[in-house]
1. Mind jotting down the three principal axis lengths of region A:16-88 based on Cα atoms? Whole angstrom, largest first.
2. How much net charge surrounds A:Gln14 when only the other residues with a Cβ under 14 Å from the Cβ of A:Gln14 are counted, with Lys and Arg +1 and Asp and Glu -1?
3. Name the residue, out of B:Gly14, B:Gly28, B:Gly98, whose mean-square fluctuation peaks in a Gaussian network model built on chain B with Cα pairs under 10 Å.
4. How big is the B-A contact in terms of buried accessible area, both chains counted, 1.4 Å probe, rounded to the nearest 100 Å²?
5. Springs between alpha-carbon atoms under 10 Å, Gaussian network over chain A: tell me which of A:Ser24, A:Ser79, A:Ser58 tops the mean-square fluctuations.
6. Provide the FRET efficiency to the nearest 0.05 for the A:Arg54-B:Glu3 pair, computing r from the beta carbons and using R0 = 45 Å.
7. Hey, if you drop one equal point scatterer on each alpha-carbon of the protein assembly as shown and run the Debye formula without solvent, what base-10 log of I(q)/I(0) do you get at q = 0.15, 0.16, 0.18 Å⁻¹?
8. Looking only at A:Leu48, A:Leu99, A:Leu74, which one moves most when chain A is put into a Gaussian network model with springs between Cα atoms under 10 Å?
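The values are calculated or read from the model by the stated rules, or taken from the named source; none is laboratory data. These numbers come from a predicted model, not from an experiment. Backbone-built Cβ (ideal geometry, glycine too); neighbour counts: all protein chains shown. Side chains are part of the model used for accessible areas, which takes the heavy atoms of the whole protein and leaves out ligands, DNA and RNA. Shrake-Rupley method; radii C 1.70, N 1.55, O 1.52, S 1.80 Å.
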Amino acid sequence: SQQGEEDPQALSIQEGENATMNCSYKTSINNLQWYRQNSGRGLVHLILIRSNEREKHSGRLRVTLDTSKKSSSLLITASRAADTASYFCATEEDSSYKLIFGSGTRLLVRP
Amino acid sequence: DTEVTQTPKHLVMGMTNKKSLKCEQHMGHRAMYWYKQKAKKPPELMFVYSYEKLSINESVPSRFSPECPNSSLLNLHLHALQPEDSALYLCASSRVEGRYEKLFFGSGTQLSVL
């Protein structure tokens, strides 16, 4: 099953620009996580935001959460070619180990 | 050691073959997972083991058979697969951070069924 949708599906930007990805989900959540995946590789955990938080920062990453709209956004500032990857949001159903991923955004950062 | 190691990295098998995917972690994590990922799609949960016991089976066909011999190892036995089972199979383990499970993924096994 898939928890939510991400948009855009694909995003191409120039190095140095900011990249914004959006995630919508369907059920109530305890937290929302963002993961990154390089092509054909495993996923790497980037950042988690709890349901009682509205914004969180980690380095060049900024995550927002709007529980009333059931949506989250991931902003990558001053992007680099090495940021080229797929980005997935993920939510956990009832703290049950059941982590469900959104559809993902494929980001291309052009040098 | 902060790695989840999966072997093999690539596997090609016929529909009558029996093969196994292996996953290993030495981080003392209590939960281990199998995910299946088709190209340009998100990972889909297949199985979860918690304390070496199967806790979640997402209605996966019986041609996929998981096994957790001990807390560090997770296998996925494959038998009579179909071409549509070709995908990237990802293993993960997790530890509790606060009130959530933080997952650590292996690099996956790219499986092709001919």
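1. Answer, in whole Å and largest first: 34, 25, 16 Å.
2. Value of the local net charge: -1.
3. B:Gly98
4. 1900
5. Comparing A:Ser24, A:Ser79, A:Ser58 in the GNM, the peak value goes to A:Ser58.
6. 0.85
7. Calculated log10 I(q)/I(0) at the listed q: -0.99, -1.11, -1.33.
8. A:Leu99
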